[in-house]
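Visitor: Starting off with a structure, shown below.
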Amino acid sequence: MSVFSAPQPDVTLLLDMDGVIREATLSRFLARENIDGWVGLPWSDVVGTSGEKILQMMQDTRRTGISAFRQITQRFPSGLELPMEFTAVLLGGRAGMLAVGKNIQAVAELQARLISAQQTIERDYWKLREIETRYRLVIEDARDAVLMVKVEDLKIVEANRTASTVLSGAGRRKESLVDRDFLQEIASRERETVELMLRRVRDLGKAPSIVIHLGEAAVPWTLRGSLMTHESMPAYLLQMTPIGTVTKAEPDSDTSASCLDRIPDAVTILDENGAIKRANSAFADLVEVGSAESVVDKSLGRWLLRPGADVSVVISNIQRHGMVRLLSTSIQGELGTETEIEISGSGYQQGTETRIVLILRNVSRRLSPTFESDDLRSALAAMTETVGKTPLRKLVKRTVEVVEQHYVRAALQLAEGNRTTASEILGLSRQSLYAKLDRYNLSERDPDSEEA
């Protein structure tokens, strides 16, 4: 035969209807506390900093017969203060209330440890993001060509801008190196040497550097590699350093770089396909990359993603109307920051090619008025027109009612119609909120949002 053992309260208080303690009982865990002095005192006088919650519990108990559980800090004569969870019920046969409380110190400690762990995880996450960002900026702006290649199939996983320029060549510069076979990017006469070097890196973790020749001009580069882990899979980290001087292809020079960089708004020049041909430093800051050169030949659609206001819409409008003006959209940076912007731009001819110049202005800090604030402003403006026609006392009363009605409606919207939550937002009791709802004809009840 099984015996059900219900958890026993740590504090039991017999109260009269005014909340004065008539009897007090403690569990054996608190038996050392002498609480005889509690008898005859209001319950709110023997707690720590939870007096308002006690008064609210007693009001709820007198009205509904039972109160919701509330966490309060119970203070004992020895100076001990414990976090406790109390509820109160209305007694039937004898006048008064019964309040019972359970010690939740262990729960509070677990909650504190959980919050601390969450904060630590969040700090570590942002540190990792910062390290990753620095790593990418350093690799992307490096003069050397850097690649990450899978060990199993020699597919390219990542490549910086220099590697893309050197391996792709002029005819394939718009193509991505990702998922391409690294050996196929090497001249056929040198593939066997490169493959032997990679095998030695795989077996020993390192190997002497070798010289390879890249591009149509067969420019000499030194290739060295090391072994690392990428997404739980072994990968080669390859670094190619130019021997002598390597001339980089310069981007279009139709606009002076110094002139663009003096413009505080983001400016970029695109081709007809949306690929970036020139950008200023403000654009690099907007899309959260290290330098303006690192976005050259990349599609603006990589960051301009909002449906109905993406790069294809911008280009089609410019092709149809010759310009676009103050198009509202958003742009998402490499670190995940989404920024509200306005785009203005037009097209022009550069030789036989069409170019599109865009100005992207950050408007996220503008204070756009809401419909609610417009309504409140209009109502107050109407009150101002009655100055001199209405006594001051009545004018002030009407103004207070207008403002009060506005914030009651706003609290209901924030609480999604839940009256209890709205009353807590406003710092009112539910009775006071109900009275205001009736006064302002806002008392259409939603039974699903009410508490029992």
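The numbers here are math on the coordinates, done by the rules we state, and not lab data. These numbers come from a predicted model, not from an experiment. As a convention, Cβ positions derive from the backbone with ideal geometry for all residues, glycine included, and neighbour counts pool all protein chains shown.
Visitor: Given labels modelled 7 Å from the Cα in the Cβ direction, how far is it in nm from Lys206 to Lys127?
Guide: Label-label distance for Lys206 and Lys127, simple model: 2.8 nm.
Visitor: Could I ask something else about it? Please identify the trypsin sites (Lys or Arg not before Pro) of segment 56-106 that satisfy two criteria: DSSP loop assignment and at most 16 other Cβ atoms within 10 Å. Which are they?
Guide: Arg94
Visitor: Fewest to most neighbouring Cβ within 10 Å: what's the order for Lys53, Lys397? Present the calculation step by step, with values, prior to reporting the outcome.
Guide: Numbers: Lys53 17, Lys397 12.
With the fewest neighbours first, Lys53, Lys397 line up as Lys397, Lys53.
Visitor: Same structure, new question: How would Phe69, Phe86 line up from fewest to most surrounding beta-carbon atoms within 10 angstrom? Display every interim value, and only then the final one.
Guide: Working: Phe69 12, Phe86 24.
If I rank by nearby Cβ atoms, fewest first, I get Phe69, Phe86.
Visitor: Next up: Multiplying the sequence separation of Glu216 and Ile115 by 0.36 nm and subtracting their Cα-Cα distance, what value in nm do you get? Please report the intermediate quantities before stating the final value.
Guide: Numbers: separation 101, 0.36 × 101 = 36.36 nm, distance 5.92 nm.
Extending this stretch completely gives an extra 30.4 nm.
Visitor: What is the spin-label model distance, in nm, from Glu192 to Glu416 if the labels are put 7 Å beyond Cα along the C-beta direction?
Guide: In this crude spin-label approximation the distance works out to 6.9 nm.
Visitor: Quick check on the exposure proxy: order Asp181, Asp10, Asp261, Asp36 from fewest to most C-beta atoms within 10 angstrom.
Guide: Ordered from fewest to most neighbouring Cβ atoms within 10 Å, Asp181, Asp10, Asp261, Asp36 come out as Asp36, Asp181, Asp261, Asp10.
Visitor: What ³J(HN,Hα) values, in whole Hz, does the Karplus curve 6.51 cos²θ - 1.76 cosθ + 1.60 give for segment 54-69 when θ = phi - 60°, with x put for Gly and Pro?
Guide: Working through the residues one at a time gives 4, 4, 5, 4, 5, 4, 5, 5, 5, 7, 10, x, 7, 9, 6, 5 Hz.
Visitor: Starting from the 7 Å offset along Cα-to-Cβ, what nm value, one decimal, do you get for the label separation of Tyr348 and Thr73?
Guide: 6.7
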